[in-house]
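Trainee: The structure's right below; bear with me while I get my questions together.
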Amino acid sequence: MPAVHVSDEVHEAVAAGRPVVALETTIITHGLPRPRNSEAAHEAERQLRGAGITPATVGVVDGRPTVGLSGVEIDRLGTTDDVSKIGSRDLPVAVAQGWSGGTTVSATAWLAHRAGVRVFATGGLGGVHRGASATFDESADLVALAGVPILVVSAGVKSILDVGATLERLETLQVTVLGYRTTAFPGFYVRDSGFTLTDRVETASEVAAVVRARDDLGLRSAVLLANPVAEAEELDDALHHAVLEGALADAEAHGVRGKDTTPHLLDHLHRASEGRSLEVNLALYRANVALGGEVAAALSALDD
Ligand code: PSU
Ligand code: MN
């Protein structure tokens, strides 16, 4: 059995050079509450199909890493209790031991690339956690992106992280970071994290040109396209600060560590903001999926 199962739909689209966008599933299993999680996953697929793009939702079902999960499989991941959060390093164990779970950015990027998918849309990227100089807690997403030549669309990283350190690590890891119509690095819930980017693009075709140049140069690192949430959708600044401080204090008080940290913080934010952060999360996800579709289409057009 091949190590990575690619659905017929995705396989055919990749082989024909048609646009495909990969989607992760930790956002379903650990990032969003039920039932909005499965709804968001199906909506993202509908959105892409509506734009003539093939969606490739990635996850692991019964030990089978899959690029192009079926609707039933997506629902299964979205409704099963105690389903795993699978990063790159967990993949071999997940396969050998028959786990089912959502793949993080690191594992999704790897699997999507193996299947020939060139564009991947997500909400937020993992990064360097606050206090990482003592805990060494840095998401495997960063290191994974250093070695996977894919284009990832994200709304930057959350301010639950050390944003400045995350950007420094992206530079060290040779990940190209492009601001979409901005030089302010987005802070997920807010348009501006307070950190500045040097490289800015205005259109999907410009992004495609950067990806093409990366490939022509033989560089093997990802390009990160940072897409700020729409102005009308941003989280209110005061609420943002309040819930952020609360989330960090709560994680500290509960001694949350390791792979539980990000899901714990996200869940706290959603509850403490009385669902406001959830709406922002869903809005920026939709926008990232749409932009991912545009970039995938522009990349396919370049190849014609
Ligand atoms: N950041 C978010 N939302 C998410 C995640 C991160 O704003 O859902 C998920 C992604 O799947 C990401 C993972 O790859 O968490 C990172 O987890 P960790 O920090 O444990 O590496
Ligand atoms: Mn971690």
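Trainee: Name the residues whose placed amide hydrogens come within less than 5 Å of the amide hydrogen of TYR189, ignoring near sequence neighbours (fewer than 5 apart) on the same chain.
Mentor: SER159
Trainee: For the chain, what is the charge dipole size about the Cα centre, in debye to the nearest 20, if Lys and Arg each add +1 at the Cβ and Asp and Glu each add -1 at the Cβ? Please report the intermediate quantities before stating the final value.
Mentor: Working: 25 positive and 40 negative charges, 104 e Å.
In debye, rounded to 20, the chain gives about 500.
Trainee: Still on this structure, please answer the following. Specify the residue with the greatest mean-square fluctuation among THR176, THR57, THR122, computed from a Gaussian network of the chain linking alpha-carbon atoms under 10 Å apart.
Mentor: Top of the fluctuation ranking is THR176.
Trainee: Oh, and also: Can you tell me which of THR166, THR108, THR203 moves the most in a GNM of the chain? Springs connect C-alpha atoms under 10 Å apart.
Mentor: With Cα springs under 10 Å in the chain, the top fluctuation among THR166, THR108, THR203 is at THR203.
Trainee: Using a Förster radius of 25 Å, what is the FRET efficiency between ARG49 and ALA301 based on their Cβ-Cβ separation? Nearest 0.05, please.
Mentor: 0.85
Trainee: Under 5 Å between amide hydrogens, which residues at least 5 positions from THR57 or on another chain qualify, with H placed 1.01 Å from N in the peptide plane?
Mentor: Long-range HN contacts for THR57: LEU23, GLY68, LEU69.
Trainee: Between ALA249 and ALA230, what is the label-point separation in nm under the 7 Å Cα-to-beta-carbon projection?
Mentor: Between ALA230 and ALA249, the label points sit 3.4 nm apart.
Trainee: Applying the Karplus parametrisation 6.51 cos²θ - 1.76 cosθ + 1.60 with θ = phi - 60° to the phi angles of the stretch 290-296, what ³J(HN,Hα) value in whole Hz is obtained for each residue in order, glycine and proline being reported as x?
Mentor: Running phi through 6.51 cos²θ - 1.76 cosθ + 1.60 with θ = phi - 60° gives 4, 5, x, x, 5, 5, 4 Hz.
Trainee: Between ARG34 and LEU239, 0.36 nm times their residue separation minus their Cα-Cα distance comes to what?
Mentor: 71.5 nm
Trainee: Given the options ALA213, ALA184, ALA134, which has the most mean-square fluctuation in a GNM of the chain, springs set between C-alpha atoms less than 10 angstrom apart?
Mentor: Per the Cα network of the chain with a 10 Å cutoff, ALA134 tops the list.
Trainee: Sticking with this one: For the stretch 184-304, what relative contact order do you get, as a whole percent, if you take Cα pairs closer than 8 Å and at least 6 residues apart?
Mentor: Contact order relative to length: 34 percent.
Trainee: Would you work out the relative contact order for the chain, in percent, from Cα pairs under 8 angstrom that are 6 or more residues apart?
Mentor: On the way: 621 pairs, mean separation 58.2, N = 304.
Reported relative contact order: 19 percent.
Trainee: Moving on to the next point. For a protection proxy built on the mean count of beta-carbon atoms within 10 angstrom, sort 242-254, 277-289 highest first, please.
Mentor: On the way: 242-254: 15.8, 277-289: 22.0.
Descending mean neighbour count gives 277-289, 242-254.
Trainee: Further question on the same structure: Per q in 0.07, 0.09, 0.15, 0.16 Å⁻¹, report the Debye log10 I(q)/I(0) for the chain, using one uniform scatterer on each alpha carbon and no solvent.
Mentor: So the normalised log intensities work out to -0.23, -0.38, -1.17, -1.36.
Trainee: Determine, for SER205, SER273, the number of other Cβ atoms within 10 Å of each Cβ, and report the residues in order from fewest to most.
Mentor: Fewest-to-most Cβ neighbours within 10 Å comes out as SER205, SER273.
Trainee: Another one. For ARG257 and ALA146, what does the FRET efficiency come to when R0 = 25 Å and r is the distance between their Cβ atoms, rounded to the nearest 0.05?
Mentor: That gives a FRET efficiency of 0.55.
Trainee: Which ³J(HN,Hα) values in Hz, rounded to whole numbers, follow from the phi angles of the stretch 96-102 under the Karplus curve 6.51 cos²θ - 1.76 cosθ + 1.60, where θ = phi - 60° and Gly and Pro get x?
Mentor: 5, 10, x, 6, 10, x, x
Trainee: If you don't mind, there's one more thing I want to ask. Roughly how many Å is it from the Cα centre of the stretch 268-304 to that of the stretch 79-143, as a whole number?
Mentor: Cα centroid to Cα centroid, the span is 18 Å.
Trainee: Something else now. Would you calculate the separation in nanometres between label points at ASP8 and SER205, each defined as 7 Å from the Cα along the Cα-to-beta-carbon direction?
Mentor: 3.7 nm
Trainee: Once phi is turned into θ = phi - 60°, what whole-Hz ³J(HN,Hα) does the Karplus curve with 6.51, -1.76 and 1.60 give for every residue of the stretch 46-52, x standing for Gly and Pro?
Mentor: 4, 4, 5, 4, x, 9, x
Trainee: If you don't mind, another one. Note down the nm distance, to one decimal, between modelled labels 7 Å out along Cα→Cβ at ARG220 and at THR80.
Mentor: 3.2 nm
The numbers here are math on the coordinates, done by the rules we state, and not lab data. Because the structure is a prediction, the values reported are computed rather than measured. Positions of Cβ are backbone-derived with ideal geometry, glycine not excepted, and every protein chain shown enters the neighbour counts.
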